[in-house]
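The block underneath contains the structure these notes are about, expressed in structure tokens.
The values are calculated or read from the model by the stated rules, or taken from the named source; none is laboratory data. This structure is a prediction, so every number in the text was calculated from the model and none was measured. Here the Cβ is made from the backbone with ideal geometry for all residues, glycine too, and neighbour counts use every protein chain on show. Quick note on the areas: whole protein, heavy atoms, side chains included, nothing else; ligands and nucleic acids left out. Shrake-Rupley method; radii C 1.70, N 1.55, O 1.52, S 1.80 Å.
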Amino acid sequence: MKFKTLRFQRRGAVGVLLLNRPEKRNALSDAMVEELDVCVGAIPDAVRALVLHGAGRHFCAGLDLAELSDRSAWQGATHSRSWHRVFERIQFGRVPVVAVLHGAVVGGGLELASTAHLRVAEANTFYALPEGQRGIFVGGGASVRVPRLIGAARMADMMFTGRVYSAEEGHAAGIATYLVPTGKGLAKGIELASRIAGNAPATNFALMHALPRIAELGQDAGLLMESLMAGIAQSEPEAKRRMKDFLEKRAGKVKKQG
Ligand code: 1HE
């Protein structure tokens, strides 16, 4: 796959997708959002997990402000919906996505990072929602996805006051679940994506498509949906094989880390 603003490479079962507009700090132009759409729609079948990262000193500077010309209210809403469509395609696509973050993860950059299923942050990462200071509102799904990571109160603070979260603060608040030294993010992201790619497909499907929906349901419907998903996953031949491997001492035990 050849793109102007992205680069896609395959490393075995892991696809590595680079936001590749470093001269503009990977600002999300319309062309880049369109290319993201094409890219996630054309991920080869052999790819079972994706790593998303950014070229240059920053992950992503958000919306390309040079394109925020004089849109009408209607055009603004339509533009926002076009981001929603593409970002939903990433979140609810075929493959789990590990976002590797460094430098600025701001505005639409944080919105894009929030679509991923796991986030790894390098120590030089910082997070902000400068929309609050630019006189606008988020439009790429932040008001839905960011509160689910850090809570509406923290998101409102970021926008009311222009508060910038450091990598450590973002990790403590729940934006990233892994914090690694600067320069080590891609290796960690590929390691995690390789592990995810080795999971049973039904497990990855359940984590991507069932879990976030179950988490939004009331207890009754949530527990029923969990039981249905559990029944489907355990009936897969792959699950039977994995459980037999454990019982016949061919699979690893759960070990304490470190
Ligand atoms: C850009 C953008 C951009 C950089 N759109 N061109 N996002 C923001 O408000 C963040 C704005 N950007 C910044 O605060 C800084 O650029 C960074 C902290 C991300 C990086 O700083 P730095 O010193 O490494 O780079 P720079 O010198 O500021 O920028 C380098 C070039 O990238 C420069 O262009 P040049 O032609 O003068 O070289 C910048 O203009 C350009 N650039 N960021 C366009 N965002 C669906 S709603 C989503 C709403 C939002 O995302 S709002 C938040 C927008």
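Some values worked out for this structure:
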read-out: Karplus-derived 3J(HN,Hα), 6.51/-1.76/1.60, for each residue of segment 23-40, Hz, glycine and proline x; value: 5, 10, 6, 6, 4, 7, 7, 4, 4, 5, 5, 5, 5, 4, 4, 4, 4, 5
read-out: Test item: Cα-centred dipole of segment 137-220, Lys/Arg +1 and Asp/Glu -1 on Cβ, debye; value: 160
read-out: Segment 10-43 versus segment 179-210: alpha-carbon centroid distance in Å; value: 18
read-out: Of all accessible heavy-atom area on segment 15-107, the percent that carbon and sulfur account for (1.4 Å); value: 54
read-out: Expected-Rg normalisation [2.2 N^0.38 Å, Cα atoms] applied to segment 90-130; value: 1.15
read-out: Degrees separating the helix 73-91 axis from the principal Cα axis of the chain, which is the longest one; value: 20
read-out: Charge context of Ala31, other residues only, Cβ under 12 angstrom, K/R +1, D/E -1; value: -3
read-out: Most to least packed among 102-113, 247-258, 119-130 [average Cβ atoms within 10 Å]; value: 102-113, 119-130, 247-258
read-out: Calculated FRET efficiency for the pair Ser80/Ala13, C-beta based, R₀ 41 Å, to 0.05; value: 0.75
read-out: Positive-pole candidate from Pro201, Ile175, Gly218, dipole of the chain, charges at beta carbon; value: Pro201
read-out: Over segment 1-82, volume per residue of the alpha carbon convex hull, in Å³; value: 91
